[in-house]
Each structure stands twice: as C-alpha cells, then as structure tokens.
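Step one of this worksheet: look at the structure below.
The values are calculated or read from the model by the stated rules, or taken from the named source; none is laboratory data. Owing to the predicted nature of the structure, the values given are computational and were not obtained by experimental measurement. Every residue, glycine among them, receives a Cβ derived from its backbone with ideal geometry; neighbour counts consider all protein chains shown.
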Amino acid sequence: MFKLGKSLFNASVAGLSLVIVSLPALAQTTRPDLGGLWTNAALTRLSRPANVEPLVVTADQAQQIAAQTSIAGLPAGEFEAADNSDAPPAAGSDDFGLRAYNDFWIDPGSSLARVRGEYRSSYIIDPENGQIPHLDSPQADFQRRNFGARYATGVGDMSGPEALPLAERCLIGFGNTAGPGMMGTLYNSTYRFVQTDDYVVIEVEMVHDARIIPIYPDAATARANQRPAAWQPWFGDSRGWYEDNELVVETVNINPQQMAQSAVPITASGRITERFSRYSASEIVYQFTVEDCSLYAQPWTAELSFHATEGPLYEYACHEGNYAMPGILAGARRLEAEAAAQP
C-alpha cells in the first residue's frame, strides 16, 4: 500500500483545509450584496426625447431636459400630452383634454437618472438612438391596450370590472415598477431587496408587489427548472443565478394581461434578462435586455441605477376605501338604464 510521509501528509491536509476554508470566500466574490432599501426615482424616461442626441448629458443639460419633461417618470407612450392643470374643461366642450394628478400627489424624483455618476437622457442604451426598435408589423399573442388616455380623462370602457386597468383594480402596480424591466414612476419608487442562499426577494412599494426569484447554481440549471407554460404568473417565470459578481435574472412566460398594458412587453416566445451589480456602497447598477423577434427588430437594452435610501417602505393600501371602481361601474349602469328608458 502506498503511504504518504508524515510531513507530506500534513502538508496535504493543510492544503485541503485551505481550499475548504477558501470556498465560501470564493463563492462570495461572485455574489453581490444587494440587500437593503433602494430607490430608482428619476425624471428619465425609457426612450430618449426626440430633440436629444447623447445618452450622457451634462448637469446643465439634465436640468433643461427635466424641466421639459411632462408628467415625469411615466413610461414612454403614456400621458405624452398630459396637462397638470386643475382647470375644468370649457362649458359645453367635448374635449376633456388629458389631465392626471396635480403636482401635490406625485413624487417621481427631482433630476434625470444618474448611473455611475452620469446623467442619462434615456434608460435605453442600445440601440444608440435610445429608441425601442419596434417591428413595423409585430406579431403579438395578446391584444395591446394603452390605458394612458383613459386613466387621464376617465373616458373608456366601463362594461365591467375586467375592462378597467390592472393597476386601477389593484392587481399589480403601474409603470413597470415591479418589472421585469423595473422603472420608477409617479410615486412609491422604493424597493427592499432581500437575499438568502436560495432566493432573492424584491419587495416593491407600489401596490406591495413582490418578486420571489429562486436562485440556481448556473444558467443551465435555472433554465432546466422552468415552470409549466400554463402558469403565466404576474411578473413571469423568473429564475436567477450569480455570474461575474452579478445577479442575473431571466424571465419568460409573463401573464398576457400584464403584457397587454406593459411598457416592456414580450410575447410567449420572448425573454427579459436582468443584471444587478453593486457599483458602490450606495448604488446598484441595473440592466435589462429585451429579446423578442415577434415584436422587435433586434434585442434592446436599458440601464438605470437603484440608489440607497433610508426609506421607510410605506404601506400601500390600494383598495381600502377605494370607491372609484364601484362608482365608475354604477355610473355606467345608470347611464345605460337612462338610455334604455328613452322613448
């Protein structure tokens, strides 16, 4: 039988012990610490303004762009012509205009988004023009619905509770606050990140949405554990892993109702890949890449940052005392009854 010399044996055991002791430390280098309270509130929009070319702008340019941003912080394509005025429409006018909250109620942030100390004119960084590369003839497997005008004017489908927007029914938050493709909006742009060995949980202040993301050893294992396609959960089937000191989260199979109203829609064949990296003690850099050849001419990527905040994460009581929906539906039924009673 082969025997190790005593000194060689001791050296081998010491070396093995060093490897065992070093493994947790090595594992930690691939896992960024994301825990804590964060905010992504900013006046930057997903797409770049038409009159702005550069992605990175100076502080003075950022201030000018922010001053020209109407109903700041909302997803591109919603409330573009909104007016914060409290003035009622002219007597007898059928043009109600687009009016939403007045300034007292909103808290979208006070400046453009800052990423690694740079002011950004759009969240989109690829393509370079800062625009979503929509296909001319998209092939969606859901009916696209934009509730921006209905939300601002009050004019829209009132046939039943399912006709009202998801956010108005308090099912999920509006403005993609919980993502995938998480962006700040009018208010409640605070997040709590919690990490365990097996999960990352992202609690969103808006409507208290919560993303519970299982963590796997690598991308192949994560993809092998995809949930049944029939489930179609809110925020999709998200699975994560750590790679190059980043948290990578890949999401597929998002509920079609959510996609019909999302600023970042994908079809059943698309996917969204998010990357979270700790840039500093007070900043998480966050990217998401959208891939779907049924809707987009190419994959596209957006980037923003979560900045540390003291909070607190406020309670969001959406339906308690919410008389809007029964009032809207009751009013619509009353109008229908009055119309039916006309000779």
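Quick notes on this one:
- Remark: pairs (first residue in the stretch 114-138, at positive phi; second residue aliphatic (A, V, I, L, M) and modelled with pLDDT of 95 or more; Cβ separation under 7 Å; 6+ apart in sequence or on different chains) = ARG116/VAL285; GLY130/LEU55; GLY130/ILE124.
- Enumerated strands (runs of 3 or more DSSP E) restricted to the stretch 180-243, each holding at least 3 residues that are more than 17 Å from TYR316 (Cβ to Cβ): 190-195, 210-214, 237-243
- Checked against (1) touching a Lys or Arg at 6+ places or on another chain (Cβ under 6 Å); (2) on the phi < 0 side of the Ramachandran plot, PHE235 passes all but a single condition, namely (2).
- Count of the stretch 244-253 residues which are assigned to a loop (DSSP other than H, G, I, E, B) and farther than 14 Å from ASP141 by Cα: 2
- Residue count for the stretch 102-141 satisfying the condition of being assigned to a loop (DSSP other than H, G, I, E, B), at pLDDT 95 or above and either crowded, with 18+ Cβ neighbours inside 10 Å or among the basic types (Lys, Arg) (or both): 8.
- Selection over the stretch 196-210 of residues that are more than 22 Å from PRO108 (Cα to Cα) and buried (at least 17 other Cβ atoms within 10 Å of the Cβ) gives a count of 1.
- Any hit, the stretch 254-264, residues being crowded, with 17+ Cβ neighbours inside 10 Å, touching a residue at least 40 places away in the same chain (Cβ under 8 Å) and either assigned to a strand (DSSP E or B) or at positive phi (or both): no
- Pick from the stretch 150-179, criterion in a loop (DSSP other than H, G, I, E, B) and among the aliphatic types (A, V, I, L, M), ranking: surrounded by the most Cβ atoms within 10 Å (Cβ to Cβ): ALA178
- Subset of the stretch 278-311 (residues that are crowded, with 17+ Cβ neighbours inside 10 Å and among the small types (Gly, Ala, Ser)): ALA302, SER305
- Number of positions in the stretch 219-236 that are surrounded by 13 or more Cβ atoms within 10 Å (Cβ to Cβ) and touching a Phe, Trp or Tyr at 6+ places or on another chain (Cβ under 7 Å): 2
- Among the residues of the stretch 286-343, those identified as under 30 Å from PHE142 (Cβ atoms), part of a helix (DSSP H, G or I) and either of a type outside the set (A, V, I, L, M, F, W, C) or touching a Lys or Arg at 6+ places or on another chain (Cβ under 6 Å) (or both) are PRO326, GLY327, GLY331, ARG333, GLU336.
- A residue that is in a loop (DSSP other than H, G, I, E, B) and either small (Gly, Ala, Ser) or surrounded by 14 or more Cβ atoms within 10 Å (Cβ to Cβ) (or both) cannot be found anywhere in the stretch 57-65.
- Check on THR267, in a loop (DSSP other than H, G, I, E, B), modelled with pLDDT of 95 or more and of a type in the set (Val, Ile, Thr): yes
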